[in-house]
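The values are calculated or read from the model by the stated rules, or taken from the named source; none is laboratory data. Computed from a prediction, not measured in an experiment: that's the story for all the values here. A quick note on method: Cβ atoms are made from the backbone with ideal geometry, for glycine too, and the neighbour counts reach across all protein chains shown. What goes into the accessible areas is simple: the full protein's heavy atoms, side chains included, and nothing from ligands, DNA or RNA. Shrake-Rupley method; radii C 1.70, N 1.55, O 1.52, S 1.80 Å.
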Amino acid sequence: MKKIKDLQAWIDGYEEVATAADELELAWDFVKEGAMEEEEIDAMYADAIDKIEKLELRNMLRREEDKLGVVLKINSGAGGTESQDWASMLMRMYLRWCETHGYKTSIANLLEGDEAGIKSCTINVEGDFAYGYLKSENGVHRLVRVSPYNAQGKRMTSFASVFVTPLVDDTIEVKVDPALLSWDTFRSGGAGGQNVNKVESGVRLRYQFTDPYTGEFEEILIENTETRDQPKNKENAMRQLRSILYDKELQHRLQEQAKIEAGKMKIEWGSQIRSYVFDDRRVKDHRTGHQTSDVGGVMDGDLDGFIKAYLMEFAGNDAEE
């Protein structure tokens, strides 16, 4: 059902774009005939472009983890109250963005600042493609403003780090290929009993496993003598095999997550991904060059321009890799 839902979203998106394009073509005929004003077709054109860009943006989210939820951590940098206040402003910014886009949020951990703001917080964000969109926020965010906490009214620079990792879900599918399985039976050891040493109730399972990510081959060997019932021992051995395969997949996902964590930069000069300069009314992303003068809008959660610029520039390359 989940796969059907994902496919249906693409079909719906295509049909929406196709309908908008057909209506635009029809409207152009009406304009030429004088039956429609140019302002109306301009609005329809803008709407069609918006739908196309949204579908194009979704196409940038092709990695497996893009569909997952997010654990978003914010840590204040050095600088005391000013940095802690900046961290709380970022927390509000992301909560507002999530609220606007219909994502469910919960604050898993919050450490209050000494005088104001926060030292750190952890926000869980649940919803489709939450990680795909918010991965663009991973890094150091720099604030430049006249600080209300500075008695001299000087311009100050503060840093806070935003750390984005995918929420590993429970969708790991364990597939056991029967062709790679082989069984041996043997007599269980141990003290007496009517049949424990006479009947081959012990089982030995061999599974020829090839790691799908590294190509490494490994023979998984499992022996089970839990009961005197061979079918039950086989069932127990299969359960152990599934657990081992589940753990291998989980470890791979955790390693991928560790790679993301390794990309985190130190909270200092020169490592910031985005600067928020309040006095100059400017927010600029240093990776894409995208910037806006609507500082108030950004701090109220209007991040779509930055997210889109990041995905259009980097997500395609990520998917190819």
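Before moving on, here are some points about what is shown:
- Ranked by how many other beta carbons lie within 10 Å on average, peptides 72-81, 210-219, 177-186 from highest: 72-81, 177-186, 210-219
- Cβ-Cβ FRET estimate between K154 and L110, R0 fixed at 25 Å, reported to 0.05: 0.30
- Accessible surface ranking that places the most exposed of W10, W86 first, with a 1.4 angstrom probe: W10, W86
- Filter on K248/K308; K5/K51; K67/K175; K32/K54; K51/K308; K5/K104 - keep pairs with C-alpha separation over 23 Å: K248/K308; K32/K54
- Among the listed values (i) 19.8; (ii) 26.4; (iii) 25.4, the one matching mean projected area of the Cα convex hull in nm² as calculated from this structure is (iii).
- Qualifying GluC sites (Glu not before Pro) in the stretch 103-159, where qualification requires a DSSP coil assignment and no more than 11 other C-beta atoms within 10 Å, comprise E115.
- Using a Förster distance of 25 Å, the FRET efficiency for E15-A43 (Cβ separation, nearest 0.05): 0.75
- When the chain is described by a simple charge dipole with +1 on each Lys and Arg Cβ and -1 on each Asp and Glu Cβ, the residue from L72, V295, I307 located farthest towards its positive end is L72.
- Positive-end ranking of A258, V277, N233 along the dipole of the chain, with charges on Cβ about the Cα centre, is headed by N233.
- Loop GluC sites (Glu not before Pro), the stretch 19-78, which have at most 16 other Cβ atoms in a 10 Å radius of their Cβ (DSSP): E33, E37
- Inter-probe distance in nm under a simple model that places probes 7 Å from Cα toward Cβ, at D22 and Q291: 4.5
- Extension reserve of the Q8-V176 stretch, reckoned as 0.36 nm per residue once the Cα distance is removed: 57.5 nm
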